[in-house]
Amino acid sequence: MKILASKQDAGTDVKSKELTTNVDGRFLYIPKTKGGGFIKGFTWEHNQLRVMLRNYHLHEEMVMDGNNQFVEGTDDIIFILNGIFPELNNSEKKLLSERSSVTICKQSLTSILEIPSNTSYRSIVMAVSRQYLQQLFGNISHPLVKDILSAKDNFAYETAVNAEMIKTASEMMHPSVPESIEIYYCKLKWQELLCNIFSLLVQRDAIRSKKLNINDIKSIYSLKFQLQNNLNEPPNIGLLSKKIGMSEPKMRKLFKQTFGQGVFDFFQYNRMQEAARLLRDERLTVSEVGYQLGFSNLSHFSRVFKQYIGMKPKKYSVSFD
């Protein structure tokens with residue numbers, strides 16, 4: 001199954017023989033025998049802008065190959081907004097949730113993406129030519145923006161999905177305009193998403209980024225996944241640096257450069273996002289969530305939750321009753 005760019009569907013070229021997909025206008029539907037949901041795509045400006053909206057899940061584990069004949073040789077920057085749509089309803093079994101994040105990288109880093117089974121994908125993938133980005137954001141003096149717009153080597157940056165992005169994504173998925181002007185409407189929404197992303201990037205420390213090689217990026221993302229998969233236990237920085245084969249100072253610096261947060265802040269942020277999900281979606285009690293995430297002191301859990309979410313866990317839980 002290949003997913004990244006078709007002439008019609010914003011970079012989506014799917015082997016229909018493998019998936020037996022159904023195409024209806026801009027929508028490519030995943031059959032129920034293979035999963036469920038759909039992919040929707042747009043292209044603008046002679047393929048300088050390509051957007052793919054993905055809202056689907058697969059029963060079987062598959063590999064997506066991002067190399068594509070329509071975009072080879074281009075100098076595109078890729079923006080992947082994960083977990084930005086509401087989860088699909090699925091009565092058969094509980095699907096794993098795609099974690100919310102925005103990843104910005106060169107196209108070469110998206111070449112092979114492993115897709116786990118029984119995971120709900122709720123994302124937007126935007127491929128934008130560097131030339132077009134220069135026209136939009138080339139006058140911004142922040143070092144991080146300059147690095148993204150000029151870097152010849154591989155890079156990866158990640159930031160959070162915020163409420164404004166979620167609202168804009170929903171308006172792209174379900175546009176409230178006649179079909180005849182939908183493509184113009186969605187182009188404006190695409191630009192709005194980019195503005196939201198860059199507004200978060202320019203809030204970071206104004207320092208130049210250190211050059212990353214592919215092994216550095218793999219190591220830093222390996223650390224990210226270890227943190228996210230062990231939210232009930234605070235990270236041991238020394239042990240983690242040895243595990244990924246990187247010195248502790250270098251690991252701290254490259255992690256903050258990539259994610260905009262230190263290792264422990266990133267861990268606590270994701271820990272509280274998971275706590276919010278358990279309270280909101282699983283309807284667990286405050287004490288159940290606190291103990292499940294490794295807090296022995298519920299008062300401390302309540303303070304940390306309020307610091308990252310903006311209200312105490314009890315009040316947050318009640319707001320969904």
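The values are calculated or read from the model by the stated rules, or taken from the named source; none is laboratory data. Model, not experiment: these values are computed from the prediction. Using ideal geometry, Cβ is built from the backbone for each residue, glycine included, and neighbour counts are taken over all protein chains shown.
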Next item on the list: Given the conditions (1) within 18 Å of Thr103 (Cα to Cα); (2) part of a helix (DSSP H, G or I), report the number of the one that Lys210 does not fulfil.
Entry: (2)
Checklist line | In region 254-311, the residues that are polar (S, T, N, Q) and closer than 20 Å to Asn230 by Cβ | finding: Thr258, Gln261, Gln268, Asn270, Gln273, Gln292, Ser296, Asn297
Checklist line | From Val128, Val145, Val161, residue being within 20 Å of the chain's Cα centre (by Cα), in a loop (DSSP other than H, G, I, E, B) and in contact (Cβ under 8 Å) with a residue 24 or more places away in the chain | finding: Val161
Next item on the list: Considering (1) out of contact with any Ser or Thr (no Cβ under 7 Å at 6 or more places or on another chain); (2) of a type in the set (Lys, Arg); (3) buried (at least 17 other Cβ atoms within 10 Å of the Cβ), say which one Lys189 fails and leave the rest.
Entry: (1)
Check: Counting only residues that are within 26 Å of Leu223 (Cα to Cα) and among the basic types (Lys, Arg), which one in region 265-302 is modelled with the lowest pLDDT?
Finding: Arg277
Check: Looking at this structure, is Ala160 surrounded by 14 or more Cβ atoms within 10 Å (Cβ to Cβ), among the small types (Gly, Ala, Ser), over 25 Å from Phe42 (Cβ atoms) and in the same structural domain as Ile84 (by TED's automatic domain parsing)?
Finding: no
Next item on the list: Please work out which one of (1) acidic (Asp, Glu); (2) free of Cβ contacts under 8 Å to residues at least 12 places away in the same chain; (3) not in a helix (DSSP H, G or I) is the condition Asp153 fails and give its number.
Entry: (2)
Next item on the list: Give the residue that is nearest to Lys315 (Cα to Cα), with candidates limited to residues of region 285-301 that are in contact (Cβ under 8 Å) with a residue 12 or more places away in the chain and buried (at least 18 other Cβ atoms within 10 Å of the Cβ).
Entry: Val286
Next item on the list: Identify, by number, the condition in (1) in the same structural domain as Ile78 (by TED's automatic domain parsing); (2) in contact with a strand residue (DSSP E or B) (Cβ under 6 Å, 6 or more places away or on another chain) that Phe259 doesn't meet.
Entry: (1)
